[in-house]
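The values are calculated or read from the model by the stated rules, or taken from the named source; none is laboratory data. These figures come from a predicted structure and were not determined experimentally. Cβ: placed from backbone, ideal geometry, glycine included. Neighbour counts: every protein chain shown. Only protein heavy atoms, including side chains, enter the accessible area calculation; ligands, DNA and RNA are left aside. Shrake-Rupley method; radii C 1.70, N 1.55, O 1.52, S 1.80 Å.
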Amino acid sequence: MPVVKSNWVKKTLGACLAFSFSTLLISSPFVSTTVLAHAEHGSEGGIPTVSAKAKLPKGLSLQVVKTNAYQFALATDGQQHVEILGEDKRAFLRFDRDKLYADLNATGWHRSRQPGGGPIPERLKDNPKLKPNWVLLDKQPGYGWYDPRLIKEDLAHFNLAMVANGKPISVRIERIEAEPMTGYWRPLLVNEPEFTGLNAMVPGLSGNNFMLSRMGTAKSEFQVLDDQGAPFLELREDGVWLNSMHAWASSVELFHSPGTEQAPWVKVSETGTVTYADPRLNKKPVKTSETGSWVIPVKQKEGEQQNLLKGELKWQTIVEQVN
């Protein structure tokens with residue numbers, strides 16, 4: 001399936017994955033409050049992928065993504081009527097335009113709660129054909145869910161069944177061998193913070209993580225600015241705070257409870273140090289022979305003075321060692 005770059009796809013995919021994880025954390029009549037840790041599953045046998053030959057109706061986008069494990073992510077334009085069927089061919093998820101429903105009496109719903117298949121309630125083990133009990137989950141035009149078949153490394157392919165706008169669809173999922181890794185993009189910080197009491201560093205050899213620390217010697221509180229000059233992180237005397245209403249809040253990889261429009265800032269660290277994912281470190285050059293650049297502006301909260309933390313992005317080739 002070709003990569004779709006529509007704005008509704010990008011927006012819905014990000015929101016649906018955040019929502020699918022949050023449903024594991026909230027207490028409700030249909031969601032367990034127990035969250036189980038899962039081991040990282042490898043990709044032996046290939047990476048599960050939506051077949052390039054799969055044809056989905058206009059307004060739908062299906063991907064296999066990796067969070068704590070492989071899962072499906074379905075994005076819609078909010079105008080579709082879609083049902084997702086489990087391995088038993090019974091619908092367990094339903095999209096009615098921008099409303100998302102789950103059938104609490106479908107074993108597929110409970111199986112979708114964990115990567116290897118969530119536990120099935122005793123009442124359904126005794127009577128798996130109870131009549132549907134559809135419950136509104138949220139006003140949400142997309143969703144991410146687990147499928148036990150995605151982590152079966154010996155399963156070369158399978159079909160995901162759904163009904164889209166009244167038409168049955170079978171989407172082939174197949175494992176594709178990953179391309180060998182020949183190198184990686186390495187971010188490098190090339191200057192030091194000018195503000196007293198502020199430390200900065202790139203904590204890894206690859207990726208887009210960035211670490212900032214407000215030391216006890218700092219005389220100021222600091223704000224991290226986006227590309228438009230708006231603050232989205234603040235290093236205060238009492239810890240680190242995130243603007244949960246900011247467009248980057250869901251992508252900086254900081255666990256937080258959402259704030260409100262009246263109180264958007266939420267605390268993400270009790271200490272003066274934060275390590276977060278900065279999207280600017282992902283701006284890779286077209287060619288590996290080129291060097292990319294990135295800038296992270298930091299300002300004193302009580303003043304206008306800015307310190308531009310500058311960096312480079314260089315391709316690091318992996319050299320095979322010959323014995």
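With the other protein chains left in place, how much accessible area per residue, in square angstrom, belongs to the chain at a 1.4 angstrom probe?
Spelled out: the 1.4 Å probe surface of the chain, per residue, equals 55 Å².
The string of couplings for segment 282-297 from the Karplus curve (6.51, -1.76, 1.60, θ = phi - 60°) is 9, 7, 8, x, 5, 10, 5, 7, 9, 10, x, 9, 8, 9, 10, x Hz, one whole number per residue in order, with x for Gly and Pro. First measure r as the distance between the Cβ atoms of residue 120 and residue 152, then evaluate 1/(1 + (r/R0)^6) with R0 = 25 Å and state the FRET efficiency to the nearest 0.05. FRET efficiency, residue 120 to residue 152: 0.90. Here the peptides 141-152, 95-106 are ranked by packing, the mean other Cβ count within 10 Å, and the order with the highest first is 141-152, 95-106.
A Förster distance of 41 Å, applied to the separation of the beta-carbon atoms of residue 179 and residue 305, puts the FRET efficiency at 0.35. Within the chain, all pairs of alpha-carbon atoms sorted by distance into 10 Å bins from zero give the percentages 5, 21, 28, 24, 16, 6, 1. Adding -39500 (n - 2.57) for every DSSP H run of four residues or longer, then dividing by how many residues the chain holds, sets the calculated 222 nm ellipticity at -2000 deg cm²/dmol.
Database remark: amide H of residue 99 closer than 5 angstrom to the amide H of 140 (H placed geometrically; neighbours at sequence offset of 5 or more, or on other chains; Pro and chain starts carry no H). Mean separation of Cα pairs under 8 Å and 6 or more residues apart, divided by the residue count, gives the chain a relative contact order of 14 percent. Counting only alpha carbon atoms, the long axis of helix 7-22 and the longest principal axis of the chain meet at about 80°. Modelled spin labels at residue 58 and residue 271, positioned 7 Å past Cα toward Cβ, are 5.3 nm from each other.
Normalised by the residues of segment 224-323, what does the relative contact order come to in percent, with Cα pairs under 8 Å and at least six apart?
Relative CO of segment 224-323 lands at 22 percent.
Extension gain for residue 263-residue 295 works out to 8.7 nm (0.36 nm per residue, less the C-alpha to C-alpha distance).
Here the spin labels are modelled as points 7 Å beyond Cα on the Cα-Cβ line, and at residue 87 and residue 199 they lie 5.0 nm apart. Spatially close Lys pairs in segment 167-323, defined by Cα atoms under 25 Å apart and a spacing of eight or more places or different chains, total 15. When peptides 131-137, 71-77 are sorted by average Cβ neighbour count within 10 Å, with the highest value leading, the order is 71-77, 131-137.
With r as the distance between the Cβ atoms of residue 79 and residue 131 and R0 = 30 Å, compute the FRET efficiency 1/(1 + (r/R0)^6) and round to 0.05.
Calculated transfer efficiency: 0.60.
Backbone phi angles across segment 212-219, fed through the Karplus curve with coefficients 6.51, -1.76 and 1.60 (θ = phi - 60°), yield HN-Hα couplings of 10, 9, 9, 7, x, 7, 5, 9 Hz in residue order; Gly and Pro are listed as x. Cα gyration tensor of segment 63-161, axes a ≥ b ≥ c as square roots of the eigenvalues: rounded (a/c below 1.5), prolate (a/b > b/c) or oblate? Taking the square roots of the gyration eigenvalues as a ≥ b ≥ c, segment 63-161 is oblate.
Taking packing as the residue-averaged number of other Cβ atoms within 10 angstrom, the listed peptides 57-69, 281-293 run from highest to lowest as 57-69, 281-293.
For segment 223-236, putting each phi into the Karplus relation 6.51 cos²θ - 1.76 cosθ + 1.60 with θ = phi - 60° gives couplings of 10, 9, 9, 7, 6, 9, x, 9, x, 10, 10, 9, 9, 9 Hz, in residue order, rounded to whole numbers and with x for Gly and Pro. The length gained by stretching the chain between residue 170 and residue 316 to full extension, at 0.36 nm per residue less their Cα-Cα distance, is 48.4 nm.
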